[in-house]
Amino acid sequence: MSRGTITTLRDMVPLRPLTRSEALDLAERQARCLLRLAGITMEAVPERVITDVPKVAVRRLAPFPVSGATYWSAGSWRVGLNGAEPATRQRFSLAHEFKHIVDHPFADLIYRSLDEPERSLFIEQVCDYFAGCLLVPAEWLARAAATDANPAALAERFEVSQAAIHTRLSQCGLTVPARRCD
């Protein structure tokens, strides 16, 4: 392929402020595109979907004060992951940080409609949503849940935490959200 992965994903970004729903839709479309570019068609999504992207270097560090962090240095993106956290958390953090990389040149523009600190919080939510869409695509989850809806089994199958599975089941409309007390 002649175009770079990051460039291809960035080319999907409309150059204007996005609504919340547009930002989430974009994140899901980018996750699907990344899977397609990598030729991944079933769970569990391997880390190489991101680690094989040119100009992306990943290091696991322990101790590390956060789950993940990203910065540009010496011509490449550096992703630091907390090596002391469970592998499922590290996978999710890697996908989350990759969305920050993709959004980097556009973040001020596409999230402009939100004021701080709401903007920062929403950007983190979009990155989490991207990670969930990448590691647990809606179509794959629906197919898997049709045969075994046990969250622990699904988490193992997708190599994510049970919390991530519960969130994706809810986001995909495959479970009824817990009712709040009256």
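Here is how the numbers come out for the structure above:
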{"item": "Condition check for Asp52: open to solvent by 40 Å² or more (accessible area, probe 1.4 Å), in contact with a Ser or Thr (Cβ under 9 Å, 6 or more places away or on another chain), under 26 Å from Ser73 (Cβ atoms) and at pLDDT 95 or above", "result": "yes"}
{"item": "Members of the stretch 55-69 that are outside any loop (DSSP other than H, G, I, E, B) and either without any contact (Cβ under 8 Å) to a residue 40 or more places away in the chain or farther than 11 Å from Val79 by Cβ (or both)", "result": "Ala57, Val58, Arg59, Arg60, Leu61, Gly68, Ala69"}
{"item": "Matching residues in the stretch 59-81 - criterion: being within 30 Å of Ala152 (Cβ to Cβ), open to solvent by 40 Å² or more (accessible area, probe 1.4 Å) and aliphatic (A, V, I, L, M)", "result": "Leu61, Ala62, Val66"}
{"item": "Sole residue being touching a His at 6+ places or on another chain (Cβ under 6 Å) and under 22 Å from Met12 (Cα atoms), chosen from Ala131, Ala138, Ala95", "result": "Ala131"}
{"item": "Subset of the stretch 82-96 that is in contact with a Ser or Thr (Cβ under 8 Å, 6 or more places away or on another chain) and open to solvent by 20 Å² or more (accessible area, probe 1.4 Å) - its residue that is nearest to Ala27 (Cα to Cα)", "result": "Phe92"}
{"item": "Of residues in the stretch 117-169 being hydroxyl-bearing (Ser, Thr, Tyr) and within 27 Å of Ala107 (Cα to Cα), the one surrounded by the fewest Cβ atoms within 10 Å (Cβ to Cβ)", "result": "Ser120"}
{"item": "Lone unmet requirement of (1) more than 17 Å from Arg91 (Cα to Cα); (2) modelled with pLDDT of 95 or more for Ala38", "result": "(1)"}
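The values are calculated or read from the model by the stated rules, or taken from the named source; none is laboratory data. Quantities reported herein were computed from a predicted structural model and do not represent experimental measurements. No Cβ is skipped: glycine too gets one built from the backbone with ideal geometry, and neighbour counts run over all protein chains shown. Keep in mind that these areas ignore ligands, DNA and RNA; they rest on the heavy atoms of the full protein, side chains included. Shrake-Rupley method; radii C 1.70, N 1.55, O 1.52, S 1.80 Å.
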